[in-house]
Amino acid sequence: MTIHPAALVARKAELDSCVEVGPFSVIGHHVKIGAGSVIKSHVVINLHTTIGCHNEIYKYASIGEANQ
């Protein structure tokens, strides 16, 4: 697991092995991310969100947030 120092990952978030979290990304408390997933920079993942294995979430994506 690789978490960039500028990322914010909640203590209760469940990140599996080989997950990469890019800079300025925010991962919430009830988030689960599967093995081999890559979270690029400036991504927000919140609420009760589960992301499976081997996914790539691109820059500036917002998952699990209310529509604006």
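The values are calculated or read from the model by the stated rules, or taken from the named source; none is laboratory data. Just so it is clear, the structure is predicted and the values come from calculations on it, not from any experiment. As a convention, Cβ positions derive from the backbone with ideal geometry for all residues, glycine included, and neighbour counts pool all protein chains shown. Protein only, heavy atoms only, side chains kept; ligands, DNA and RNA dropped before computing areas. Shrake-Rupley method; radii C 1.70, N 1.55, O 1.52, S 1.80 Å.
Between Ser17 and Ala66, take the C-beta separation as r, use R0 = 35 Å, and let me know the FRET efficiency to the nearest 0.05. So, using R0 = 35 Å, E works out to roughly 0.70.
Working from label points 7 Å from Cα in the Cα-to-Cβ sense, the Ala6 to His30 distance is 3.0 nm.
Counting only heavy atoms of protein chains, what accessible area per residue, in Å², does the chain have with a probe of 1.4 Å?
Working: 4460 Å² over 68 residues.
With the other protein chains kept in place, the chain gives 66 Å² per residue.
The chain: which trypsin sites (Lys or Arg not before Pro) are DSSP loop and have at most 13 other beta-carbon atoms within 10 angstrom?
Arg11, Lys12, Lys59
Just the number: Rg to Rh for the chain, Cα atoms, Kirkwood Rh, two decimals.
Values: Rg = 10.4 Å, Rh = 11.4 Å.
For the chain, the value is 0.91.
Loop-located GluC sites (Glu not before Pro) in the chain (DSSP state other than H, G, I, E, B) with a sparse environment of at most 15 neighbouring Cβ atoms within 10 Å: Glu65.
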